[in-house]
Structure formats: C-alpha cells, structure tokens
Amino acid sequence: MEPRSLAEVLRSAQLFWGLEPQHLEKLAAIASEVTWTEGQVIFREGEADDRLYLVVEGLVALEMYIPNRGRATILTAGPHEVFGWSAAVPVVGKKTASARSLQRTRAIAIDAGALCAACEQDHHLGYYVYRTLADVIASRLTATRLQLLDVYAVGKGE
Amino acid sequence: MNSTLAKGHWSPATGHPMVPQPAVITHVQPEAHGVMTYTLGFRDPAVGEAYRFHPGQFNMLYLPGIGEAAISISSDPAEPAALRHTVRIAGNVTQAISRMEAGGVIGVRGPYGNSWPVDRAVGNDLIIVAGGIGLAPLRPVIYHVLRHRADYGKVTILNGARLPADLLYPQEYDDWRSHDIEVVVTVDRADETWKGRVGVVPILFYALRPDPKRTTVFTCGPEIMMHFVVYEALARRVPKDRIYLSLERNMKCAVAFCGRCQYGPTFLCKDGPVLSYDRIEPFFTVEEF
C-alpha cells in the first residue's frame, strides 16, 4: 500500500481522526500493511515484538496462557481497533498477551521504535499519539474491570 | 378499586388491572442455561382478541401460592396472539415457572409500562445495545424494525452475553442481517472454539461512527453495562434525550400504587421501564438508588 493510502486508512480510524495531515504522513512513513491468514500467530505473550497494529479488516484474538488450563481469549480487536500497544510503552517492554488472527485479517503495522523517535522529534505528534494510546489502554482497563465484575451474574430476584 | 384505575396504562388488555387472566403455555423454548421462552395463549378468546402490546412493555406473570413477577414481552407486537416471555431464573416465581411445561397455566395481567419510542426514532439511525437477558425486551423493537425497515436509517445491534452458550436468539441473527441490520455479537469469556468477538458490549462502540444528529440508542442489560453504554454514546455526542434505557426494579402492583418500583420522581411500572437518559441522569450513578 502506498504511504498516501496508508495515511488515508489511518485517518479513517476513529483514533486518528484529529491528526493533522503532516502527522498522518509521518505515521504512514513508518507503517506498512500486513495480512494474516486465519489462525496465524501474530506474536506471543512475553515477546519483544516492536510493532503495534491497527486492524483494517478481520478479527484478532488477544490470548493469555493459563498453566493447566490452556489459552484463554481475553479480548478481540476488530476493524479500527489497536492492539500491540505495549511495543510503544518502553516500561512494559514486551507483549502482555499473545495475538492470533481468528479470520483473514488485514492491518497497518507501525514500527514502535520509529514511532517513539518521531514523537521525540515532534512533541505535538507525540502528545497526540500518546494521548491516543492512553485512550486505548484506559479502554482496556475499563473493559477488564467490567469483565471482572461478571455483570451477567444473576442477582437478587423477584 | 377506584375510578383512577380506569385511566391509561391502568386499563390493561387483560381487564381489571389487579386480576390475572389465565393463559396456557403452548410452547417452551430453551434459550440458554436457566433461560426459557414461554409462548402463551389466553384461555378466554375474548381476552386474546383484545390483547395488544407495544415494544418494551411487560406483563405480571402469576402463579397461585407463589407470587408474581414482572416479565418483559419478547415477541412481535404485530402478532399479539403469539405472546412470548423470555424468563431467566432469578427468584421464587421464575424458579417455579421454569418447572412448568406446555399445557401449564399461568396468570397474566398487563401489558404495563411505557414502550421504546420507535415512532420518535423514525428517520434515525438506531443503535440497539443489549446485554444478556436484556435482549428480550429489545426483541420486539427489532421485530418492529424488520416490519418497518424503510422507516429507519442504519440499524446496528450490539449484543453481548457472558458465554457463547448464553447468547439469546442466535438462530434469528441471520434473518436480522438479511434486513440490512448490522448484528455485532460479543461474549465476556470464551474458549478456543469461539471464533467471534470477546469483550464487553460497550467497547463495541469503538468501531462505530454514529451521526449524533440522527442517532437514537436503545439499551437494556445489567445496569453497570448500561452505565458504560451511556458513557460511550455521550462520548460520541449522542444527545441525552435520544439515549433510552430500560430499567429494572422489583415490582409488585404494576399500577403505580405501591411505590415499590419508584425511581426518583418516576414509577418504573407507569413512567418506565423505558426512560431517556436526560430524565434519569441525576439518579443513575447514585449508589443504592
């Protein structure tokens, strides 16, 4: 995919709506298109994969391995959603879950090292990118809390 | 009863508002663990002929010696003769109903409550957000939309459940999709055999780009889920008076006398169960309210 097309795809994602054209082009310059077939492992928990991803089409499962129980899907990421955010958060430094495509999936991969460098050079871009990633991480936290609450459990009845 | 009972919702199709009419269970459809749909037919043909309901209304289902429970109607308002209630076991009454089979008799009085404002939403895009048993009172809306599809713009159903086996009415999703309705399904937990989405319902909003000027949201599910649905809808600038929730509280009389279902200045049996967010905002996040 051409950088201009990549920029357009990035802009179509809700996360990057507000990004100015020159910043979109900077992101597109360090991005590439990737495609996975159904069932393909994208990265594994604990690995130091250095890319984060924006799903264009398809569905990706984020999984954790539980000893003696096997893999459990904790979340899925579909179109316009980001996964692999930990690549851009140095203090985490490694993938917090494994990722596997549940169907043929197309995504935009962004080089995390280059992204960090671009954000260092352009603080306006950096502010926007990390605010966006904060949104992603906060939404994961909220979703996890709701999952922990087990909201569908039957309460006091009639 | 005094004359005020003859007004408005206090005159249910089943006659006197406090007297249940016997209805025969004609079919029992298991839906999920602890959830069944009961199809009922009134024993008195005249009652059956007169019975009408709107999407979102509920009936009081009565079992002699056990009690009553408010149960949403989950069937097509255009086919009131095939009256269905999807019941989840949650207490004494629903536990007793769960032991009943076709041929059993249940007392029914109703319908009560207001309805989803399907007329006010004409011309709008609809986002229908359901969690767990919350899809039951929304299914009549979906049937209404199927029958009047041209009256609405883009229609999206966001539906969640705890486990894949807990999803309600999965056999109907393809039919809904065939009417140009987007149906997105998610579950909180799943094993490797599940190939669909995992995650809570509110996060399905992330992929939506609703036009706030022409979007109406209907939601029903666990109240904590609806908190976050409202949050996500407001974040996308959907007006507060176009976000509708169906609230649940224990009900006894269903005719706005006992106050058991009071919610702020409203009685959910009379003013609800469907309320727009602008009406309940001051109370919605108050603990123990």
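The values are calculated or read from the model by the stated rules, or taken from the named source; none is laboratory data. For clarity, every value in this text was computed on a predicted model and none was experimentally measured. Note that we place each Cβ from the backbone using ideal geometry, even for glycine, and neighbour counts take in every protein chain shown.
Any idea which residue in region A:49-86 is surrounded by the most Cβ atoms within 10 Å (Cβ to Cβ), counting only those that are of a type in the set (S, T, N, Q) and more than 10 Å from chain B (Cβ to nearest Cβ)?
A:Ser86
Return only the number of the condition from (1) away from chain A (no Cβ under 13 Å); (2) under 21 Å from the mean Cα position of the chain (by Cα); (3) under 20 Å from B:Trp116 (Cβ atoms) that B:Arg214 does not satisfy.
It is condition (2) that B:Arg214 fails.
Limited to region B:265-288, what total is found for residues that are farther than 14 Å from B:Val230 by Cβ, within 21 Å of the chain's Cα centre (by Cα) and not β-branched (Val, Ile, Thr)?
Qualifying residue count for the region: 7.
Looking for something farther than 19 Å from B:Ile71 by Cβ and polar (S, T, N, Q) - is there at least one such residue anywhere in region B:248-262?
yes
Can you name the residue in region A:17-74 that is assigned to a loop (DSSP other than H, G, I, E, B) and of a type in the set (Lys, Arg) and is also modelled with the highest pLDDT among such residues?
A:Arg44
Which numbered condition trips up B:Arg242, out of (1) farther than 13 Å from B:Tyr112 by Cβ; (2) in contact with a helix residue (DSSP H, G or I) (Cβ under 8 Å, 6 or more places away or on another chain); (3) buried (at least 16 other Cβ atoms within 10 Å of the Cβ)?
(2)
Of all residues in region B:259-272 being within 14 Å of chain A (Cβ to nearest Cβ) and out of contact with any Phe, Trp or Tyr (no Cβ under 7 Å at 6 or more places or on another chain), which is surrounded by the fewest Cβ atoms within 10 Å (Cβ to Cβ)?
Top of the filtered list is B:Arg260.
Take A:Thr142 and tell me if it is more than 15 Å from the chain's Cα centre (by Cα) and either within 30 Å of B:Asn159 (Cα to Cα) or of a type in the set (Val, Ile, Thr) (or both).
Yes; evaluated as a whole, the condition is true for this residue.
Among the residues of region B:174-191, which ones are among the aliphatic types (A, V, I, L, M) and either over 15 Å from A:Leu75 (Cα atoms) or within 19 Å of the chain's Cα centre (by Cα) (or both)?
If the condition is that a residue be among the aliphatic types (A, V, I, L, M) and either over 15 Å from A:Leu75 (Cα atoms) or within 19 Å of the chain's Cα centre (by Cα) (or both), then B:Ile181, B:Val183, B:Val184, B:Val185 are the ones that fit.
When you look at B:Ile106, is it modelled with pLDDT of 95 or more, over 30 Å from B:Ala121 (Cα atoms), outside the structural domain of B:Val145 (by TED's automatic domain parsing) and surrounded by 20 or more Cβ atoms within 10 Å (Cβ to Cβ), yes or no?
Against the criterion (modelled with pLDDT of 95 or more, over 30 Å from B:Ala121 (Cα atoms), outside the structural domain of B:Val145 (by TED's automatic domain parsing) and surrounded by 20 or more Cβ atoms within 10 Å (Cβ to Cβ)), B:Ile106 qualifies.
Yes or no, residue by residue, for (1) part of a helix (DSSP H, G or I); (2) modelled with pLDDT of 95 or more:
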| site | (1), (2) |
| --- | --- |
| B:Met1 | no, no |
| B:Thr4 | yes, no |
| B:His9 | yes, no |
| B:Glu31 | no, yes |
| B:Ala46 | yes, no |
| B:Arg52 | no, no |
| B:Gly56 | no, yes |
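Name the pairs: first residue in region A:110-123 and in contact (Cβ under 8 Å) with a residue 12 or more places away in the chain, second residue buried (at least 19 other Cβ atoms within 10 Å of the Cβ) and among the small types (Gly, Ala, Ser), Cβ to Cβ under 7 Å, at least 6 apart or on different chains?
A:Ile110/A:Ala31; A:Ala112/A:Ala87; A:Ala112/A:Ala88; A:Leu115/A:Ala88; A:Cys116/A:Ala88
Report yes if B:Val230 is more than 11 Å from every other protein chain (Cβ to nearest Cβ), under 13 Å from B:Asp125 (Cβ atoms) and β-branched (Val, Ile, Thr), otherwise no.
Taking the combined requirement at face value, the residue does not satisfy it.
Using beta carbons and a limit of 6 Å, which pairs, at least six apart or on different chains, have the first residue in region B:116-142 and of a type in the set (Gly, Ala, Ser) and the second one assigned to a loop (DSSP other than H, G, I, E, B)?
B:Ala130/B:Gly221; B:Gly131/B:Gly221; B:Gly131/B:Pro222; B:Gly132/A:Tyr152; B:Gly132/B:Gly221; B:Gly134/B:Gly221; B:Ala136/B:Ser74
Six or more apart or on different chains, Cβ under 9 Å: which pairs go from a residue in region B:52-71 that's basic (Lys, Arg) to one that's part of a loop (DSSP other than H, G, I, E, B)? Could you list them?
That search, which allows pairs on different chains as well, returns B:Arg52/B:Ala13; B:Arg52/B:Pro77; B:Arg52/B:Pro80.
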